[in-house]
1. Could you list which residues have their amide H under 5 Å from that of E302, counting only those 5 or more apart in sequence or on another chain, with H placed in the peptide plane?
2. Report, by chain and number, residues whose modeled amide H sits under 5 Å from the one on G226, excluding near sequence neighbours (fewer than 5 apart, same chain).
3. Starting from the Cα-Cα distance between K177 and E160, subtract it from 0.36 nm times their residue separation and give me the gain in nm to one decimal.
4. Separation between the E121 and S297 pseudo-spin-labels, each 7 Å from Cα along Cα→Cβ, expressed in nm?
5. For region 168-302, compute the orientation-averaged projected area of the C-alpha convex hull (one quarter of its surface), in nm².
6. Would you please give the FRET efficiency between K275 and D93, computed as 1/(1 + (r/R0)^6) with r the Cβ-Cβ distance and R0 = 41 Å, to the nearest 0.05?
7. If R0 is 25 Å, what FRET efficiency do you get for K203 and A286 from their C-beta distance, rounded to 0.05?
8. When the distances between all Cα atoms of region 241-303 are binned every 10 Å from zero, what whole-number percent does each bin get?
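Rule-based calculations on the coordinates, nothing more; no lab input. Predicted model, so just to flag it, every value in this text is computed and none were measured. A quick note on method: Cβ atoms are made from the backbone with ideal geometry, for glycine too, and the neighbour counts reach across all protein chains shown.
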Amino acid sequence: MRETKIVAGVAAGNGLIVRAEAEPESRTVGHLKNGEAVTVLDEQDNRALVSTGVCGWVSAAYLKDPAPGEPDDPEDPADPSDPAEPGDPIQPDLPEKPWPETIEGLQMYLFEWGFGPIVGEIDGKNGPKTKEATKQFQAAMGLSADGIAGPKTFAALKGEVILPRLTETDMACQCEKYCDGYPNPSTAGVRLLIERIWREAEKKYPGLQVYVSSRAHPTPNGAIAGGQRCEQWNKERGGAAKSQHLYGKAADIFGRCEGVKDAEIRDHLEEIALKLNLSGGVGYGARYIVHVDVRGSRARWEY
Ligand SMILES: [Zn+2]
């Protein structure tokens, strides 16, 4: 029997994603639940296997099966079991719009745009955290980043400003057969997230281009990237029943930079996404793609 050892804690940093390493290849065997310190021994006990504490192929095969209550689609967990990390703010229930142009309103918009983990809480106080989140939002929007929310910033918060680089066209459904390309009303939230990731990544790779549409910019290995998906295309692509792509909240992105390997770019994009997208999903894709989404809760996986 080939020896398989568990190397825990890749992307999420707390052991949510477990990788079984076996020569010559390394692959993911399962997703343990809830960030608990689940040991191989625990899993073997839970699953009535012989308790050796060593993850051989038998245990690995069991770990591949989702634990009860876990999503069965590795690409887009519809109801991810990954909880927010301790200390991560949970997305509050926001009141119905319109929100006022006050500090409280500003904080609500910042939560909606995915900056909640920076803001911390909606308390109506213009503290350093709220100012920092405002600055980051302004920078991503191409506004002057002074941390003060004036009329231009509020217009952007309300979605009345066009993002500098990624447009709705980049996010079109890639099916070319079932729909007109725009089954969802807006993809602004995920576009802003990609812009933030892009801005951070190009510090290391000047001239980096980040793409969503593999129709306009084919990936080197024929993988299909994309933003929103219509129902039929999502089904055909094997997406989860409640995939965030269906709601215009997700994108599969890839980056290109002259002289740099695609895999290296992908790894860097993922690394940044994990840091920035604390209240959304990040999926590390084979074939040079990273899935990002703004679902409002934290989710991490490989596909
Ligand atoms: Zn479509």
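1. Y284
2. S214, D252
3. Additional length available on full extension: 3.0 nm.
4. The answer from the label model is 2.1 nm.
5. For region 168-302, averaging the hull's shadow over all directions gives 7.3 nm².
6. Computed FRET efficiency for K275 and D93: 0.95.
7. Step by step, r from the Cβ atoms, then E = 0.45.
8. The percentages, shortest bin first, are 24, 53, 20, 3.
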